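Written out below as structure tokens is the structure these notes cover.
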Amino acid sequence: MANPFEKRATEFLRDDTAFLSVVTPDPLHTFFEEHASSGALYDRLCMVIGTPGSGKTTIATLIQHHTVNTLVSSPNHTEYAPLLQALSRCSVIQRGKIGVLACRIPMESEYRDFWELPYPEDVRFGLLRSFLQARAVIFWLNSISSIVDGGLDSVEIEYRSGTDVAGESIGGSGADLVMEKAKRVERAIYSVCARLVAPALKSLPSEATEPYQPFDAISSILLPETEFTLGSLKPLVILDDVHTLHPDQLNLVSDWLAKREIPISRWMMMRLDAQTPQSVLDENLNDPSYIAPDTTLQKNRELVQIWLQNSQGRSKNRRNFRSMARNMANKYLRLMPIFNRQGLTNFGDLLNTNPHRISDSNLKKLEERVESLQRKARIPTEVRDLMEQAIDRYFSGATTLPGGSDVRLSMLLILMNRHLKREPQSGLFDHDEPVDPDLSFKADASVADGARIHLLHEFGRPYYFGLDTLSDASTENAEQFLQLANVLVKASEARIIRDVEAQLPSKYQHQLLRDKAADIIKDWTFPRHHDVESICEHIAAECVKKSLEPNASLGGGANAFGILEKEFSSIPDKYPDLAHVLKYGVAYSAINIVRGYACKKQQWALVELTGPSLVKNGLTFTRGGFLERRVSDLVKALGES
């Protein structure tokens with residue numbers, strides 16, 4: 001089989017069984033389960049918003065009926081147990097049977113063409129609306145016709161009360177008649193849009209212009225209960241990639257589907273760049289009563305917005321993504337025979353996590369630097385002993401990377417510089433003065449991270465290796481994870497072919513990831529990518545300078561600019577061009593905006609670098625370290641581009 005890491009799952013897997021063998025349930029638990037438990041996932045418009053590669057289409061493909069039917073009817077329930085549990089918690093599966101009839105309509109094809117027709121806006125939108133509804137009905141009924149005895153003859157349509165007339169115009173209660181009506185409407189509208197020259201308005205077929213509103217009338221679809229399907233199914237339509245619509249179309253579709261009296265469930269999947277700059281940058285995105293500036297719709301009352309990345313609960317999001325990435329990588333690896341023959345089914349086994357220490361000559365230079373600083377600053381041996389004891393205590397309880405002599409020396413150098421920074425008085429270190437008996441030093445994970453960053457920049461010591469690092473470098477983006485993982489998989493595969501141990505040394509992983517990170521940035525082609533890259537380079541240069549301070553004041557260092565909330569909130573109005581650049585940076589995972597970050601008794605907006613920029617420039621993944629800056633610093637970087 002071809003290397004599955006080179007393509008997205010939904011692109012290279014052609015049947016449901018193969019798709020289910022690699023898809024992971026983590027996004028359902030993380031982003032959808034809470035809304036399903038409250039019932040909001042199916043009783044109002046649900047807008048799922050994410051960056052390219054965040055898993056929107058994969059989720060839509062997993063939820064649609066024929067995929068779920070393959071899942072519940074499969075005899076391999078042990079392997080699929082996590083997926084079944086996730087779908088049950090999201091109420092797609094109820095009491096062990098399918099309860100939701102979902103169809104996915106990809107919007108990247110001919111739907112925007114409706115907006116080019118030479119008709120008034122209400123006519124163009126009316127054609128699009130009827131076309132979408134007809135297709136959804138056809139998808140729903142085709143999906144269930146093959147799972148019930150007697151086909152559509154044994155299926156009935158149930159309408160909400162008070163829609164008798166609408167039900168008759170759709171085809172009545174018989175599913176076979178409803179299907180025939182939907183096909184006639186689809187055929188009539190398609191004949192209009194597919195023509196090279198659109199017909200005159202008065203020549204439009206009656207089937208295309210007559211009232212047709214199944215979404216307003218259908219409440220459920222009734223069928224004989226089977227071993228795997230309930231007797232009453234809740235229809236769900238998923239409009240995937242709606243950002244490809246014209247902005248005016250998108251607003252009209254959103255307002256239409258947000259009507260509270262629509263009984264069917266409806267989801268819209270879109271990329272972040274379909275939002276306005278103010279929507280992407282706004283600090284109130286997680287406020288349930290917030291009304292977004294680009295719509296009249298109020299969250300929680302009329303729609304649910306699910307952001308597949310957000311600044312809330314970021315530590316939890318990172319942990320969840322690590323778990324998802326590990327599961328996904330293991331499943332993909334099992335699809336490659338060359339690794340199966342070697343008994344390698346755990347992706348982590350390909351990555352050696354033993355750190356590659358600096359050379360003996362560089363270690364000697366580091367030792368001399370420590371001795372020189374101690375001598376020049378006249379630091380007593382007793383004080384150095386206290387520092388080394390603090391370092392020993394840290395590593396005795398550390399559960400992460402071991403502390404080699406190079407890391408310990410670098411940490412010692414940082415503690416000495418911190419002590420000098422804290423107590424610079426003349427004569428403090430005279431040998432005839434006694435050492436303060438209460439003097440103590442703290443060596444923690446931030447000091448160790450700062451030491452490793454210093455060693456990376458000064459001696460080239462590997463910093464980026466291991467599965468957790470690979471996951472963190474992906475910025476919670478599945479497609480980006482696959483790109484980075486692919487270079488490691490190919491390198492390991494090449495070693496097996498050469499009859500060398502498949503496990504990659506940490507130094508090799510580090511170099512491969514840094515090269516790939518640079519390539520990812522070089523391949524950016526999204527709107528305003530040159531401006532985004534200029535801002536990222538400016539932030540990175542400043543953060544590297546701060547991270548290499550001798551006393552490592554921010555531990556592992558900085559990876560963001562922090563701008564006071566009051567000033568940052570003015571960007572959409574005062575600096576609209578910068579707002580657009582930041583929007584595209586966020587939309588394509590080049591930067592991350594964190595609003596309302598509390599520090600120093602003030603509220604900050606953080607403009608964070610993401611995985612590729614961090615790896616390329618040798619910066620820490622630890623969040624929270626930022627440089628205090630003004631909006632003018634971003635404007636300056638934008639002007640230099």
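The values are calculated or read from the model by the stated rules, or taken from the named source; none is laboratory data. This structure is a prediction, so every number in the text was calculated from the model and none was measured. Here the Cβ is made from the backbone with ideal geometry for all residues, glycine too, and neighbour counts use every protein chain on show.
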(message) Looking only at segment 511-549, filter to residues that are acidic (Asp, Glu) and part of a helix (DSSP H, G or I); which one of those is surrounded by the most Cβ atoms within 10 Å (Cβ to Cβ)?
(response) Asp531
(request) May I ask you to list the residues in segment 370-388 that are in a helix (DSSP H, G or I), over 17 Å from Gly450 (Cα atoms) and either in contact (Cβ under 8 Å) with a residue 40 or more places away in the chain or charged (D, E, K, R) (or both)? (result) Glu371, Leu373, Gln374, Arg375, Lys376, Ala377, Glu382, Val383, Arg384, Asp385, Leu386
(request) Can you confirm whether segment 195-206 contains a residue that is basic (Lys, Arg) and under 32 Å from the mean Cα position of the chain (by Cα)? (result) no
(request) Would you check if there is a residue in segment 575-591 being surrounded by fewer than 24 Cβ atoms within 10 Å (Cβ to Cβ), polar (S, T, N, Q), closer than 28 Å to Ile49 by Cα and touching a Gly at 6+ places or on another chain (Cβ under 9 Å)? (result) no
(request) Considering (1) free of Cβ contacts under 8 Å to residues at least 40 places away in the same chain; (2) in a loop (DSSP other than H, G, I, E, B); (3) surrounded by 13 or more Cβ atoms within 10 Å (Cβ to Cβ), say which one Gly343 fails and leave the rest. (result) (3)
(request) Among the numbered conditions (1) in contact with a helix residue (DSSP H, G or I) (Cβ under 9 Å, 6 or more places away or on another chain); (2) in contact (Cβ under 8 Å) with a residue 60 or more places away in the chain; (3) more than 17 Å from Pro235 (Cα to Cα), tell me where Ala188 comes up short. (result) (2)
(request) Would you check which residues across segment 307-340 are assigned to a loop (DSSP other than H, G, I, E, B) and farther than 19 Å from Ser21 by Cα and list them? (result) Leu308, Gln309, Asn310, Ser311, Gln312, Gly313
(request) Mind listing just one residue for me: the one in segment 223-247 that is out of contact with any helix residue (DSSP H, G or I) (no Cβ under 9 Å at 6 or more places or on another chain) and surrounded by 16 or more Cβ atoms within 10 Å (Cβ to Cβ) and, of those, nearest to Arg129 (Cα to Cα)? (result) Leu230
(request) Among the residues of segment 89-116, write down those that are part of a helix (DSSP H, G or I) and either over 23 Å from the mean Cα position of the chain (by Cα) or of a type in the set (Val, Ile, Thr) (or both). (result) Tyr111, Arg112, Asp113, Phe114, Trp115, Glu116
(message) Condition first: among the charged types (D, E, K, R) and closer than 30 Å to Pro263 by Cβ. Now tell me which residues in segment 13-50 satisfy that.
(response) Asp16, Glu33, Glu34, Asp43, Arg44
(message) Could you check segment 117-136 and list, in sequence order, the residues that are under 31 Å from the mean Cα position of the chain (by Cα) and either touching a residue at least 60 places away in the same chain (Cβ under 8 Å) or farther than 20 Å from Ile264 by Cα (or both)?
(response) Leu128, Arg129, Leu132, Gln133, Ala136
(request) Among the numbered conditions (1) modelled with pLDDT of 85 or more; (2) not in a helix (DSSP H, G or I), tell me where Ala2 comes up short. (result) (1)
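Looking at segment 96-148, which of its residues are among the small types (Gly, Ala, Ser) and crowded, with 22+ Cβ neighbours inside 10 Å?
Keep residues of segment 96-148 that are among the small types (Gly, Ala, Ser), which gives 96, 99, 102, 109, 126, 130, 134, 136, 143, 145-146.
Within segment 96-148, Ala102, Ser130, Ala134, Ala136 meet the criteria.
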(request) Inspect segment 556-566 for any residue being in a helix (DSSP H, G or I) and farther than 24 Å from His454 by Cα and give the result as yes or no. (result) yes
(request) Filter the helices (runs of 4 or more DSSP H) completely within segment 166-264 down to those with at least 3 residues that are out of contact with any Gly (no Cβ under 7 Å at 6 or more places or on another chain) and of a type in the set (Gly, Ala, Ser). (result) 175-193
(request) Might you let me know whether segment 486-503 holds any residue that is free of Cβ contacts under 8 Å to residues at least 24 places away in the same chain and within 21 Å of the chain's Cα centre (by Cα)? (result) no
(request) Mind listing whichever residues of segment 96-133 are hydroxyl-bearing (Ser, Thr, Tyr) and within 13 Å of Trp256 (Cβ to Cβ)? (result) Ser130
